[in-house]
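Derivation of every value follows stated rules applied to the coordinates shown; laboratory data play no part. What you are looking at is a predicted structure, and each value in this text was computed from that prediction instead of being measured. For neighbour counting, all protein chains shown are included, and Cβ atoms are generated from backbone atoms with ideal geometry for every residue, glycine included.
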Amino acid sequence: MKIETLLLTYTAGGKNYRLKIALDFSAKELLQNLPGGISLDIKTAELPGGNRYQVRLRSETPASFRKIALAASHRFVNEDRVFLNGYQSWSLSEEVPAYGRYPGLNPIFTPFIRMFRLKRYGDYFFKRYSARRGMFHSYSYSYIRRADGSAVLTGSLSEKAGYTIVSYRTRRDTVLLEKDCGGMALDGEKTVLDIVILDGGMDEVFDRYFDMMRPRREVPAPTTGWTSWYYYYEKIDEKIILDNLKAFADKKVPIDVFQIDDGYQKAVGDWLETNSKFPNGMKPIAKAAVKAGYKPGLWLAPFIAEEKSDLVRNNPNWLLRFPDGKPVTAGYNPFNWSGNFYALDIENTHVRDYLRHVFDTVLGDWGFGIVKLDFLYAPALLPKYGKPRGQIMAEGMEFLREAAGDKMILGCGMPLGPGFGNIEYCRIGSDVALSWEGEHYKILGIQTSLSLRHFRFRERVSVFNSLMSTIGRFQLNGRVWGNDPDVYILRTPYQWLTPDEKKTLYLLNQLFGGLVFTSDNIAEYSPDELRLYMSQFPFRTKEILSCELSHGILHAGFRIGGKSGDTGQALEYILVSNMGETPSAQTLNGVFAEGTNLTRNPGFTLAPHETRVFLKPAPDDYAVMGSSRHIFPGSEIVSIDTAGHGVRLEYDPRNRVDGEVLLRVPDGKTKVKVNGAEYPVELTEFGGVARVKG
């Protein structure tokens, strides 16, 4: 990719200017005086496999900018795939064909779209979509993946001056690296673009990109938990929460986080007043979670308030407002809340003081250790005070980081770029539904099989929509934060997923997530459901070796263990998932184990929405050949010690599932002692195998 020109549109000294400046990067710095008293400074730096470009503008008198963009050329070919990072957490993010189409909302559904304010959840009201081939855009980062698996990554190192949008015109071999600078006022000096372009292997370019990111936060270890929303929604009460906590404690389930979601507060915005369903407040619940050995978490939506809240009634001047004085509606929810909900003006010092008090109370007095912060896009719906949307969002995220102190943040409904370096976990997909595409919800009280997929609404509530972004954004997990792919569902009641769909959601979340939650009442699980649930422990780091989604079929290769700081053997796996709507015949080459079933060159047919996982056993003596104790066979084993008499298997203490482990035994042995018990050795086409019970 070659940057060729800088495009500027601005007003200075009462005059309008529109410039197209040819760029010559033979020197590392380009200085130029522009009309209207604007000074331009572009610095370039060579990087391993790429370059960094910093565009800085200075104005001696007030100026306003409407366009700031670097135009680049890139030769696209049919085999290229382009990754599009959606506007915020819930926005569909996926690879698309270089010459594919990516149209906006379906105009057929305009009345419904207007009624439910759907445009407010995405970028539809300020960024143009096109139905033409090869015209689409991405936020903060993007990449072009070639047929050989290498990639050209374009990424912003700072969103403090506004959202960076990578816009493609592939049929013209053009890429525009532009700043969403609507409303940007300049009176002084500002870095308006800070971009890297990196070329190399996928892991290589992402590692280099995030190594350059500042500030950085330590990424937490893989985390498991429970959250109340997707079983009870807002219909929680103190007894429901404590009963679920007791179920986890009684079964000694080794989750990390126990989180209370929406439904405890008097109204959205009135965070410090609990409703009548929580007569003792939230402090005793947090204390009970800590006593059970879990980190207590609480849901907040700090940047919005619903229309019937005391906050809106008593402090109308706290709301973000259009120039005509009308409040900015951030969305419409007549199902769980009181209808419209409004964005708060985070430039208002009273709003910030109130939110600091909320955080001090929740994280200090009440004793919660992590907050899930939702609907974070809201304060940046409108450029204001001479600041573009992205600058407002970046400053909002910095404020939340400061307000939370050293406690953990799970961001949700958040434009991703401004969150880099400010939070520990991030939702990276839409809310899941209780069916594959949300077909079982009622619209205006009428049962419908119509999916919001037909609306082309990229923030829709949907298992499929969520999983596509879980796959698309997997590179973020462990590099910048722990990915939250939303919950998995294993229960039988109050959901309409097939067994295959439930297992697909479970396995893909486990593979690509850094924070995995369920909302199921585990006390209601059948024995088989409880065994499947418990077989996720320990939840360990996965190193993704390959990930290819083609024609609806996902092939993902990954490794568990074997890296510095990790335990156990290095175990390699293949996951195959059918995200499509028709059965698909598959064949794997080599020896694989599915559970404890060993097969050479397995052939199988995947039903729609079905996923299967296979261990690829190593050829070493005493290697794990299969296991029924974990969803990823063998990852429950901490170490295999063969130094003494016999073999000692050490299991991770978080693994509480009994089952069978297959061990490869050296040729010539007819029996082997494992953990003090003697086992016969079966002579198979794969060599000697011992079936170890435990």
Worksheet item: Can you sort ARG473, ARG81 so the residue with the fewest Cβ neighbours within 10 Å comes first?
Response: ARG81, ARG473
Worksheet item: Where Lys and Arg each count +1 and Asp and Glu each count -1, what net charge lies around THR329 among other residues with Cβ under 10 Å from its Cβ?
Response: +2
Discussion item. Quick check: net charge around GLY472, other residues with Cβ under 13 Å of its Cβ, Lys/Arg +1 and Asp/Glu -1?
Written reply: +1
Worksheet entry | Burial ranking of peptide ranges 12-20, 245-253, 424-432 (average Cβ count within 10 Å, highest at the top) | 424-432, 245-253, 12-20
Response to the item:
Per-residue ellipticity at 222 nm attributable to helices in the chain (runs of n ≥ 4 DSSP H, -39500 (n - 2.57) apiece, nearest 500 deg cm²/dmol) works out to -4500 deg cm²/dmol
Practice prompt. Starting from the Kirkwood radius over alpha-carbon pairs of segment 223-534, derive D by Stokes-Einstein at 25 °C in a medium of 0.890 mPa s and give it in µm² s⁻¹.
Written response: 122
Discussion item. If I take every Cα pair under 8 Å that is 6 or more residues apart in segment 385-541, average their sequence separation and divide by the length, what percent do I get for the relative contact order?
Written reply: 20
Worksheet entry | Crossing angle, helix 499-512 versus the chain [Cα axis fit, 0-90 degrees, rounded to tens] | 70
Practice prompt. Work from the charge dipole of the chain (Cβ charges, +1 for Lys and Arg, -1 for Asp and Glu, about the Cα centre) and give the residue of GLY429, TRP318, LEU400 farthest towards its positive end.
Written response: TRP318
Fill in: Å³ per residue enclosed by the Cα convex hull of the chain
166
Practice prompt. Over the residues of segment 545-693, compute the C-alpha Rg and express it relative to 2.2 N^0.38 Å.
Written response: 1.11
Worksheet, complete the sentence: If each part is reduced to its alpha-carbon centroid, segment 356-410 and segment 235-313 end up apart, in Å, by 19
Worksheet item: For the chain, what proportion of DSSP beta bridges, expressed in % and rounded to the nearest 5, is antiparallel?
Response: 85
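Averaging the inverse of every distinct alpha carbon separation and then flipping it gives the Kirkwood radius. What is it for segment 270-371, in angstrom units?
In segment 270-371 this quantity evaluates to 15.0 Å.
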Item to complete: Pick out, from PRO279, HIS645, ALA570, the residue whose Cα sits farthest towards the positive end of the charge dipole of the chain, with +1 on the Cβ of Lys and Arg and -1 on the Cβ of Asp and Glu.
Response: PRO279
Worksheet item: Under unit Cβ charges (Lys, Arg +1; Asp, Glu -1), what dipole magnitude, rounded to 20 debye, does segment 386-536 have relative to its Cα centre?
Response: 460
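Give me the net charge for the shell around SER430: Cβ to Cβ below 9 angstrom, other residues only, Lys and Arg +1, Asp and Glu -1.
Net charge around SER430: 0.
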Worksheet item: Taking segment 607-685, which trypsin sites (Lys or Arg not before Pro) meet the DSSP loop condition and have no more than 14 other C-beta atoms within 10 Å?
Response: LYS669
Response to the item:
Which residues qualify? For GLU4, with a placed amide H closer than 5 Å and at least 5 residues away or on another chain, they are ALA71, ALA72, SER73
Practice prompt. Any chance you could give the angle, 0 to 90 degrees and rounded to 10, that helix 389-404 forms with the longest Cα principal axis of the chain?
Written response: 50
Item to complete: Tally the DSSP beta bridges in segment 223-534 and give the antiparallel ones as a percent, rounded to 5.
Response: 35
